[in-house]
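FYI, it's all coordinate maths here, none of it is from the lab. Nothing here was measured: the structure is a model prediction, and the numbers come from that model. All Cβ positions, glycine included, derive from the backbone under ideal geometry; neighbour counts span all protein chains shown.
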Amino acid sequence: MKQHKILLAMLLLFLGVYSNAQGLDKTINVLIIDGQNNHVQWPKTTHMLKAYLEESGLFKVDVQRSAYTWKGEEFILEFPIDQKTEALENPKPDSNFSPEFSKYDVIISNFGWNAADWTDATQKSFENYIENGGGLVVFHAADNSFPKWEVYNKMIGLGGWGDRNEKDGPYVYYNDEDELVYDTEPGNGGEHGPQSEYQIQLRITEHPITKGMPTLWMHTKDELYAKLRGPAENMEILATAFADPDNKGTGRHEPALMTLTYGKGRIFHNIMGHADYSVACVGFITTMLRGTEWAATGQVTQEIPENFPSEEKSSSLSTEY
């Protein structure tokens, strides 16, 4: 615990945001939403993200959870929030899940595959929030969620699983000639090989989120999502990762970091973040903090930390809390 705090303090000091020294004139209000996710550590990853964000000095973070939770019971007990919930064997819609989205500058979704649909009223409220300038951060299994929600698929750009296929949009990737391909051939959306470390390659180096990062850097052990499909509208691919055939990959450079717009809203989409060891990667933390700031404000004031991963070596904090 003490070692984690020291390492986290060092990271955030290098990010240079303790006193909003780079000019932000207000705290960014963040809401993390979660409750149903096949990735059983989701209560812990929510806890870790909340800690990283708040200890930066830039963000104030609330968490709102669906009344009915699915998976992760032991982690719900270990990382509780001030809200009564009921763990069920199968996902169940929560008719009362209706966050006041307008209170926040940005929403982070930690829902996952097989999450029960929101009510029509909550979906419409969320759509209005983003369309009118709200921010959204989607990471890892949140791009598995809500496959039948047309506007959500437009917001995230690309998604996987949940019976997504060519009907939902093209499979988007870079080939070995660095050409961006929109493949409309029939095929399922979403797959990954065994978890491993993999290298992130920047495709846009001057975007506020990626500016100052090494062009190549190693991410720690994680799932590398591939064959994601979707509308892919108003989307920029900031970075990719090569899905190595020797690790049951596609042999293609798969989108890893993306930005999108929907109406006046800004969306940051990050495929990384499977488990606590993935979330503890300094590269992941840096992209999430910078991506959250950008989604909320359209700018990034945080510096790249000195312990950021290199081309050959990943860099992580402790997972102990």
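Using the Cα centre as the reference, give the magnitude of the dipole from point charges on the C-beta atoms of the chain (Lys, Arg: +1; Asp, Glu: -1; all else neutral), rounded to the nearest 20 debye. Could the numbers behind the result be given before it?
Details: 27 positive and 46 negative charges, 147 e Å.
Dipole magnitude for the chain comes out near 700 debye.
Quick one: which of LYS60/LYS154; LYS44/LYS313; LYS92/LYS124; LYS60/LYS148; LYS50/LYS227 span more than 22 angstrom between C-alpha atoms?
Values: LYS60/LYS154 28 Å; LYS44/LYS313 25 Å; LYS92/LYS124 19 Å; LYS60/LYS148 32 Å; LYS50/LYS227 30 Å.
The answer is LYS60/LYS154; LYS44/LYS313; LYS60/LYS148; LYS50/LYS227.
List the GluC sites (Glu not before Pro) within the range 158-230 that fall in a DSSP loop (any state other than H, G, I, E or B) and whose Cβ has at most 13 other Cβ atoms within 10 Å. All intermediate terms of the calculation are to be shown ahead of the outcome.
On the way: sites: GLU166, GLU177, GLU179, GLU191, GLU197, GLU206, GLU223; in loops: GLU177, GLU179, GLU206, GLU223.
Filter output for the range 158-230: GLU177, GLU179, GLU206.
All other residues with a Cβ under 9 Å from the Cβ of PRO194 taken together, and with Lys, Arg as +1 and Asp, Glu as -1, what is their net charge?
On the way: positive: LYS248; negative: GLU223.
For residues surrounding PRO194, the net value is 0.
Any chance you could check the Cα centroid distance between the range 225-247 and the range 286-314 for me, in angstrom?
20 Å
Determine ³J(HN,Hα), in whole Hz, for all residues of the range 159-170 in sequence, where each value follows from phi through the Karplus function 6.51 cos²θ - 1.76 cosθ + 1.60 and θ = phi - 60°; x replaces Gly and Pro.
Result, ordered by residue: x, x, 6, x, 6, 5, 7, 4, 5, 8, x, x Hz.
Can you figure out the FRET efficiency of ASN128 with ASP246, using R₀ = 45 Å and their beta-carbon distance, to the nearest 0.05?
Working: r = 46 Å, r/R0 = 1.03.
The formula returns an efficiency of 0.45 here.
Using a ≥ b ≥ c from the Cα gyration tensor of the range 150-198 (square roots of the eigenvalues), is it rounded, prolate or oblate, where a/c under 1.5 gives rounded and otherwise the larger of a/b and b/c decides, a/b for prolate?
Values: a/c = 1.69, a/b = 1.21, b/c = 1.39.
Note, shape of the range 150-198 comes out oblate.
Please say if the chain is rounded, prolate or oblate, where rounded means a/c under 1.5 for a ≥ b ≥ c the square roots of the C-alpha gyration tensor eigenvalues, and otherwise the choice is prolate for a/b larger than b/c and oblate otherwise?
On the way: a/c = 1.28, a/b = 1.01, b/c = 1.27.
Verdict is rounded for the chain.
Between TYR321 and GLU233, how high is the FRET efficiency from 1/(1 + (r/R0)^6) when r is the Cβ-Cβ distance and R₀ = 35 Å? Nearest 0.05.
Details: r = 38 Å, r/R0 = 1.10.
E between TYR321 and GLU233, to the nearest 0.05, is 0.35.
So what is the relative contact order of the chain, in percent, for Cα pairs below 8 Å that sit 6 or more residues apart?
Details: 791 pairs, mean separation 61.3, N = 321.
Relative CO of the chain lands at 19 percent.
Is the shape of the range 157-257 rounded, prolate or oblate, going by the alpha carbon gyration tensor and its root eigenvalues a ≥ b ≥ c, with a/c under 1.5 for rounded and a/b larger than b/c for prolate? Each step should come with its number before you reach the end.
Details: a/c = 1.85, a/b = 1.25, b/c = 1.48.
Oblate, because a/c is 1.5 or more while a/b does not exceed b/c.
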